[in-house]
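One structure is given below, encoded as structure tokens.
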Amino acid sequence: MSSTPSSAQTPETGTARVKRGMAEQLKGGVIMDVVNAEQAKIAEDAGAVAVMALERVPADIRKDGGVARMSAPNMIEEIIEAVSIPVMAKSRIGHFVEAQVLQSLGVDYIDESEVLTPADEVNHSDKFAFTTPFVCGATNLGEALRRIAEGAAMIRSKGEAGTGNVVEAVRHLRQIKNEIARLRGFDNNELYAAAKDLRAPYELVREVAELGKLPVVLFSAGGVATPADAALMRQLGAEGVFVGSGIFKSGDPAKRAAAIVKATTFYDDPKIIADASRNLGEAMVGINCDTLPEAERYANRGW
Amino acid sequence: MTTPVVGVLALQGDVREHLIALAAADAVARQVRRPEELAEVDALVIPGGESTTISKLAVLFGLMDPLRARVRAGMPVYGTCAGLIMLADKILDPRSGQETIGGIDMIVRRNAFGRQNESFEAAVDVRGIEGDPVEGVFIRAPWVESVGAETEVLAEHEGHIVAVRQGNALATSFHPELTGDHRVHSLFVDMVRANLAPGS
């Protein structure tokens, strides 16, 4: 037997393919907000594909008020220790030093998140400067493409985090999908003006028009509270879902977490969604988004 | 010759990319989420994803036993990354309750190449693939710690085993489905064709 071939070239980290490819591995899955190691284990046991480590879930950030910042390093490290699935954590918009800290802690994905209090009212972080990939929220196609132009390797709808109300996530996902569908119908002459309208680089606009989808994975976030909510977002075209307050603000988190995982995989099978929805206990109470004052709408943060 | 029907286990992971790669390798590709869908395919790809999640969902939806039966009966199967873990007879460091389908006599180490910050691309020479090395995309990738006598090592990276074959089962630590280079999928579809040929 001849010797086994072996590669010679130097390995390259932090490439676009490695960053975007990581998100491809999460598709069809549920990413859950957790505030400690115990919750992280519950999420992993329920079949989460990743956890989002944060100090307070969005519902509590809303309740407590004040400035919401990156979580404490020791808390993130405890969660990294506790589970083998990927761990994500949030930095404030434009707070590239929080992002540097998160990268040094070894988190697998950084969410530059509107749920935290923005640190810069003009600039988002330069995400190409990191080997750790970024996910960013968007309410429409132009915003998604601006984030991708800054180096985001994954996009999620913003929704309205911490409300338990899926209406804004539906609005944002439909908006993104509709704008992509419209681009598909444009001829080459029209794409330049479209790029100007979208306030996004022409090259990305052309790529989306050709692909018929974003060049990165698109998840849904913000307001998912039930298995049917998760399945709805997938039927609307989300490739996976983030669930924040919806799980650990409910009556039986372990059961609800597992149920949302099932409904996310079998999003097109109402019978399985019905089975998953049985005897889940109390859902989080929820907030009606139309009674939410402008200043408390997280989706307005970022641009 | 009829075109082979190759399923992609679609519980979670980069299913779409495998469907595209299989179609490019001249197979009919379809998603498999249910036992009755598994019964209709000639072969199966287990995609990249989270191995703990895929394992749990396979048990939960009654797929684990049918999967083991088909693999044991010689159905061609190809696993990438999490799929490689699912095809291992043994995981060195399993999460509690993490089960595998098995089929390849090997011991794997999960996330052996490190976390996402250590994820990388590197050229990999794969035995049986002609021409340039394969562009290996390794994402929180496992490696194969050791193999049994019947398992053929197809590739190594920095001294660690990253591609293996035993009989009709093929596995890679890396993700050819993310590269647009479909030679590994073509190799697998050739295995499927050979298995379907009369007298095989």
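The values are calculated or read from the model by the stated rules, or taken from the named source; none is laboratory data. Bear in mind the structure is a predicted one, so any value in this text is a computation, not a measurement. No Cβ is skipped: glycine too gets one built from the backbone with ideal geometry, and neighbour counts run over all protein chains shown.
Among residues belonging to segment A:77-133 that are more than 10 Å from chain B (Cβ to nearest Cβ), among the hydroxyl-bearing types (Ser, Thr, Tyr) and not in a loop (DSSP other than H, G, I, E, B), point out the one that is surrounded by the fewest Cβ atoms within 10 Å (Cβ to Cβ). By that ranking, first place goes to A:Ser91. How many residues, within segment B:91-109, are surrounded by 22 or more Cβ atoms within 10 Å (Cβ to Cβ) and of a type outside the set (Val, Ile, Thr)? Total satisfying the criteria: 2.
For every residue, the table says whether it meets (1) part of a helix (DSSP H, G or I); (2) buried (at least 24 other Cβ atoms within 10 Å of the Cβ); (3) away from chain A (no Cβ under 11 Å).
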residue: B:Gly7; (1), (2), (3): no, yes, yes
residue: B:Gly13; (1), (2), (3): no, yes, no
residue: B:Arg16; (1), (2), (3): yes, no, no
residue: B:Leu22; (1), (2), (3): yes, yes, yes
residue: B:Glu36; (1), (2), (3): yes, no, yes
residue: B:Glu40; (1), (2), (3): no, no, yes
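Picking from residues in segment B:131-159 that are in contact (Cβ under 8 Å) with a residue 40 or more places away in the chain and either over 17 Å from B:Gly79 (Cβ atoms) or surrounded by fewer than 16 Cβ atoms within 10 Å (Cβ to Cβ) (or both), the one that is nearest to the other protein chains (Cβ to nearest Cβ) is B:Glu135.
Here B:His185 fulfils each of the conditions (1) assigned to a loop (DSSP other than H, G, I, E, B); (2) more than 12 Å from chain A (Cβ to nearest Cβ); (3) out of contact with any Gly (no Cβ under 9 Å at 6 or more places or on another chain) apart from (1).
Filter segment B:111-160 down to the residues that are of a type in the set (A, V, I, L, M, F, W, C), in contact with a strand residue (DSSP E or B) (Cβ under 7 Å, 6 or more places away or on another chain) and under 30 Å from A:Ile110 (Cα atoms) and list them by number. B:Ala112, B:Phe113, B:Phe120, B:Ala122, B:Ala123, B:Val124, B:Val134, B:Val137, B:Phe138, B:Trp143, B:Val144 - these are the residues of segment B:111-160 that are of a type in the set (A, V, I, L, M, F, W, C), in contact with a strand residue (DSSP E or B) (Cβ under 7 Å, 6 or more places away or on another chain) and under 30 Å from A:Ile110 (Cα atoms).
Residues checked against (1) free of Cβ contacts under 8 Å to residues at least 12 places away in the same chain; (2) charged (D, E, K, R); (3) buried (at least 17 other Cβ atoms within 10 Å of the Cβ):
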residue	(1), (2), (3)
A:Ile247	no, no, yes
A:Arg256	no, yes, yes
A:Ala259	no, no, yes
A:Asp268	no, yes, no
A:Lys271	yes, yes, no
A:Leu280	no, no, yes
A:Cys289	no, no, yes
A:Ala295	yes, no, no
A:Ala299	no, no, yes
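Just to check your reading of the model, which residue among A:Ala161, A:Ala238, A:Ala152, A:Ala221 is in contact with a Phe, Trp or Tyr (Cβ under 7 Å, 6 or more places away or on another chain), surrounded by 21 or more Cβ atoms within 10 Å (Cβ to Cβ), over 24 Å from B:Glu17 (Cα atoms) and not charged (D, E, K, R)? Exactly one of A:Ala161, A:Ala238, A:Ala152, A:Ala221 is in contact with a Phe, Trp or Tyr (Cβ under 7 Å, 6 or more places away or on another chain), surrounded by 21 or more Cβ atoms within 10 Å (Cβ to Cβ), over 24 Å from B:Glu17 (Cα atoms) and not charged (D, E, K, R), namely A:Ala161. When segment B:62-112 is filtered for residues that are within 14 Å of another protein chain (Cβ to nearest Cβ), β-branched (Val, Ile, Thr) and farther than 19 Å from B:Val8 by Cβ, the ones remaining, listed by number, are B:Ile91, B:Val108. Take the residues in segment B:42-61 that are modelled with pLDDT of 95 or more and part of a loop (DSSP other than H, G, I, E, B), then tell me which one is farthest from the other protein chains (Cβ to nearest Cβ). Selected residue: B:Asp42.
Of the residues A:Val67, A:Val34, which single one is buried (at least 24 other Cβ atoms within 10 Å of the Cβ) and away from chain B (no Cβ under 14 Å)?
Values: A:Val67 fails: buried (at least 24 other Cβ atoms within 10 Å of the Cβ).
Answer to the selection: A:Val34.
Out of everything in segment A:41-64 that is more than 29 Å from A:Thr265 (Cα to Cα) and touching a Gly at 6+ places or on another chain (Cβ under 8 Å), what residue ends up being nearest to the other protein chains (Cβ to nearest Cβ)? Among them, the one singled out is A:Ile61.
Within segment A:8-28, can you find the residues that are out of contact with any helix residue (DSSP H, G or I) (no Cβ under 7 Å at 6 or more places or on another chain), at the interface with chain B (Cβ under 7 Å from one of its Cβ atoms) and in a helix (DSSP H, G or I)? If the condition is that a residue be out of contact with any helix residue (DSSP H, G or I) (no Cβ under 7 Å at 6 or more places or on another chain), at the interface with chain B (Cβ under 7 Å from one of its Cβ atoms) and in a helix (DSSP H, G or I), then A:Val18, A:Gln25 are the ones that fit. Considering segment B:24-34, and only residues there that are part of a loop (DSSP other than H, G, I, E, B) and touching a helix residue (DSSP H, G or I) at 6+ places or on another chain (Cβ under 8 Å), the residue that is farthest from the other protein chains (Cβ to nearest Cβ) turns out to be B:Asp26. Tell me whether segment A:15-30 contains one or more residues that are surrounded by fewer than 16 Cβ atoms within 10 Å (Cβ to Cβ), modelled with pLDDT of 95 or more and out of contact with any Asp or Glu (no Cβ under 7 Å at 6 or more places or on another chain). Yes: segment A:15-30 contains one or more residues that are surrounded by fewer than 16 Cβ atoms within 10 Å (Cβ to Cβ), modelled with pLDDT of 95 or more and out of contact with any Asp or Glu (no Cβ under 7 Å at 6 or more places or on another chain). Filtered by the rule that a residue be in contact with a helix residue (DSSP H, G or I) (Cβ under 8 Å, 6 or more places away or on another chain) and assigned to a strand (DSSP E or B), segment B:66-105 gives B:Val77, B:Tyr78, B:Gly79, B:Thr80, B:Ile91, B:Ile104.
With respect to the stated conditions, B:Ala123 is outside any loop (DSSP other than H, G, I, E, B), surrounded by fewer than 18 Cβ atoms within 10 Å (Cβ to Cβ) and within 9 Å of another protein chain (Cβ to nearest Cβ).
Test A:Gly47 against the stated conditions and say whether it is touching a residue at least 24 places away in the same chain (Cβ under 8 Å), within 13 Å of the chain's Cα centre (by Cα) and buried (at least 24 other Cβ atoms within 10 Å of the Cβ). In short, no.
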